[in-house]
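Step one of this worksheet: look at the structure below.
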Amino acid sequence: MHSTLNKIWQIIRRLSGDDAYERYLKNYAHYHHQETHQSDAPSHCAGPLSKAAFFKQWQDEKWNGIKRCC
Amino acid sequence: MHKFLNIFIWLFIAMLGASAVGGIAINRGESINSLWFITAALCIYAISYRFYASWIATSVLVVDKTRATPAERLDNGRDFMPTHKWVVFGHHFAAIAGPGPLIGPTLAAQFGYLPGTLWILFGAVLGGCVQDMVTLFLSSRRDAKSLGQMAKDELGPLGGTAALTATFAIMIILIAVLGLVVVNAMKHSPWATFTVSATIPIAMLVGFYMRHFRPGQVLEASILGVVLLLLSVLGGRFVDENETLRHLFDHEGLTLAWSIMAYGFAAAILPVWLLLAPRDYLSTYMKIGTITLLAIAIICLQPAIKMPALTQFIDGTGPIFSGKLFPFVFITIACGAISGFHALIASGTTPKLLSNETDIRLIGYGGMLLESFVAIMAMIAATVLDPGVYFAINSSAGVVGAEAVDAVAKISSWGYPVTVEQMQTLAHQMGETTLFARTGGAPSLAVGMASLFGSAFGEHLLALWYHFAIMFEAIFILTTLDAGTRVGRFMLQDILSNIWPKMGETSWTPSVILTSAIVVSGWGYFLYIGVIDPNGGVNILWPLFGIANQMLAAIALSVATGILVKSDKLHYAWITGLPLLWLITITSTAAWQKITSDNIRLGFFSAANDLTEKLANGSLPAAKAAIAPQLILNLQIDGWITLCFVSLLWVIVLDMVRVCYKHLAGQVVPPLTESAHIPSRLVEEWIRD
């Protein structure tokens, strides 16, 4: 029961984008190792973005282009 | 044994579906239970999803679960990201389902419940769902490219330009007609006007909360917003009952139209986080919540349908919009059966999240099935009303007369009895002064929904339910309006950058202001004319929108058919080719009638000529004579626009036929642009969430 509720809660967070930053951090950790070996990505070595900065970028990107229909 | 059970179950579903469809089609009695509609829909959806969609996925498209999708290959943790299929389904559905599937069926109910229902069901499973699914597949095989880009790459520059032009045109017409729907719901209704206006500061507050107060706390902010929205419905009643406040929110249609234009302009230039993004969150929750509530109410109550299967208006004399059953039912219901706009979401946006090609059936085909189901529910909500009431709400004053007595006499003379008292009682119950001539579909849908919700969850709350329904419709109409204006602005900036590169800088203020102003004046013009037109602009604007949307669908299907032929799948090309043929037929017929018909309610040019004559010989009343020159000009513009739409459609179809012919004749055609097969690693690693 508890795990089902938890699963639903995760889906809601996922759908609404509430967990976007956590996913970003995970993704960052996953790919950071590869990126440090590329010379053209020095900014990534400065560590991940702060939550506020990430959210700014995320929101602006999400709203670029056709996102809603009739 | 298991196999036999399986066959038995599917045979049972097929028979149940067939008898439900038969029951709906044959019934000519007093009324029919709405449960038949639900049953017919669910059986048809189940069978088509299980067999047709699955066959398309495995045999025609040959989806490959070992192939890495763009989301995996280009994963950047933001827009490209492999995502669980149900989450993608949620995003995709929230993006495709706008106000269209609610409004179209409501308007098409003037022909009776049968034609619209059959078109929603069969149009979706054979046309709309296939379009969405195939477009999603093609885009995900091409690094999530947009429809316009695919048209350009696969057919040639002509196709790309046509797709871009069609998208821009549809955006302008769509926003105008949606604006008109909101204006008609708010005019002289202080309650609705207050509630709808309140959604703007609420969205801003939520935007500020998410961006600055508690950055990224999307759910917290959303809950706050939803609570405030519900309070704004209550607040509207307070305003409505207060004499001084009442006047502040009691406005003519034209004043409201200007305010909506000002709002659209502001929304296009304000940063997204302040208005667009938070409003979208709120509208998505409202949309999903209300649609679920509506489904529960319909399934629990199983209301009887009061509208006849067919009305006399199939002959083209309908009061809501003119034109015969063929082709206009297919034009009026675009979203819910087949909607070209979806191809823009299915290419570009959704493929960036797709973690495996096998999810395409659920997201592309299944997402559209759900939208079709929303359209069926809208059809039920419109047809559970007394037909007399339905026509009284949806017929414009220019058709049935401005006085209540004239209107009820006229509507009753059609065989749909309704009385002034009945309308007054209903308006009073809904907390309105009048419900006559509230055209556009939103108010009648809100009355239908309020009566359903009222019977299911409390009769004494009718007025609250009505205004809740209006708020629910208005909030995502306005979301489409501001998102559309912004997209229009970007497209225009992109086009202008070819002439002067600086115009393409999306953050350069002069360019932003200029392009936003052009886009707003574009749809603002049609909205303005729609509001001053005594015949109600819906009669003109909705068919134009339908033609534009079907044209976009035809472009998407042309691209898909062209690619199927080029991939040497000519024998399968009918899956998109037949819906395309049907769309060409209905769009061309409708456009032809709109251009050449002698009937002044149908033909644009004949209406313009008629008005010119009447103006010249002075037979128009003074009020109408004053606006006649504008109406004449507008009718001519509408006629030319229709001609452009249909020409554009033929250009792209012929271009596709040309490419196919050359390919089949062994000549050189633009090569397939499918990206190379890279094996997916997600299958073994299972890091899909």
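Hey, how many Å between the Cα centroid of segment B:428-466 and the Cα centroid of segment B:588-648? After rounding, the separation between the Cα centres reads 34 Å. Helix B:622-664 axis versus longest C-alpha principal axis of chain B: approximately 10°, rounded to the nearest ten. Report note on the peptides B:405-414, B:363-372, B:68-77: ranked by the mean count of other C-beta atoms within 10 Å, highest first, their order is B:363-372, B:68-77, B:405-414. Between 0 and 90 degrees, the angle of helix B:253-269 with respect to the longest Cα principal axis of chain B falls at about 30 degrees.
For peptide A:48-57, the mean count of partner chain Cβ atoms within 10 Å of a residue's Cβ comes to 3.
Among B:180-191, B:614-625, the peptide with the highest mean count of other Cβ atoms within 10 Å heads the list, and the full ranking is B:180-191, B:614-625.
Specify the inter-centroid distance of segment B:287-313 and segment B:351-367, based on alpha-carbon positions, in whole Å. Using only Cα atoms, the two centres lie 29 Å from each other. A plus B alone minus the pair: what accessible area, both sides summed, probe 1.4 Å, in Å² to 100? Buried surface at the A/B interface: approximately 3600 Å².
With θ taken as phi - 60° and the Karplus curve 6.51 cos²θ - 1.76 cosθ + 1.60 applied, the whole-hertz 3J(HN,Hα) list for segment B:474-482 is 5, 5, 8, 5, 5, 5, 4, 4, 7 Hz, x standing for glycine and proline.
Inter-chain Cβ neighbour count for B:84-94, averaged per residue, equals 2 (cutoff 10 Å, partner chain atoms only).
Normalised per residue, the accessible area of segment B:74-161 is 22 Å², obtained with a 1.4 Å probe and no contribution from ligands, DNA or RNA.
Descending by average beta-carbon neighbour count within 10 Å, the peptides B:119-130, B:217-228, B:313-324 line up as B:119-130, B:313-324, B:217-228, the highest first.
When segment B:187-278 is described by a simple charge dipole with +1 on each Lys and Arg Cβ and -1 on each Asp and Glu Cβ, the residue from B:Ile200, B:Ser259, B:Phe238 located farthest towards its positive end is B:Ile200.
Summarising the amide proton neighbourhood of B:Ile305: residues at separation of 5 or more, or on other chains, whose placed amide H is nearer than 5 Å comprise B:Ile32, B:Asn33, B:Ser34. The length gained on full extension between B:Leu654 and B:Ile518, counted as 0.36 nm times the residue separation minus their Cα-Cα distance, comes to 45.8 nm. Per residue of B:214-224, other chain Cβ atoms within 10 Å of the residue Cβ number 5 on average. Rolling a 1.4 Å probe across all protein chains gives A:Leu15 an accessible area of roughly 60 Å².
Surface analysis of segment B:319-359 yields an accessible area of 14 Å² per residue, using protein heavy atoms and a 1.4 Å probe. Measuring between their Cα centroids, segment B:11-46 and segment B:175-206 lie 37 Å from each other. If one takes the longest principal axis of the Cα atoms in chain B, at what angle in degrees, from 0 to 90 and to the nearest 10, does the Cα axis of helix B:509-532 lie? Roughly 50 degrees, rounded to the nearest 10. Burial annotation for segment B:487-513: residues with an accessible-area loss of at least 30 Å² between the isolated chain and the complete set of protein chains, computed on heavy atoms with a 1.4 Å probe, are B:Val487, B:Phe490. Close amide H partners of B:Glu505, meaning residues 5 or more places away or on another chain with modelled amide H under 5 Å apart, do not exist here. Solvent-accessible area of the protein assembly as shown (1.4 angstrom probe, protein heavy atoms only): carbon and sulfur portion equals 67 percent.
The values are calculated or read from the model by the stated rules, or taken from the named source; none is laboratory data. On a predicted model such as this, the values are computed, not experimentally measured, just so you know. Cβ coordinates were reconstructed from backbone atoms using ideal geometry, including for glycine residues, and neighbour counts include every protein chain displayed. Note: areas computed on protein heavy atoms with side chains; ligands, DNA, RNA excluded. Shrake-Rupley method; radii C 1.70, N 1.55, O 1.52, S 1.80 Å.
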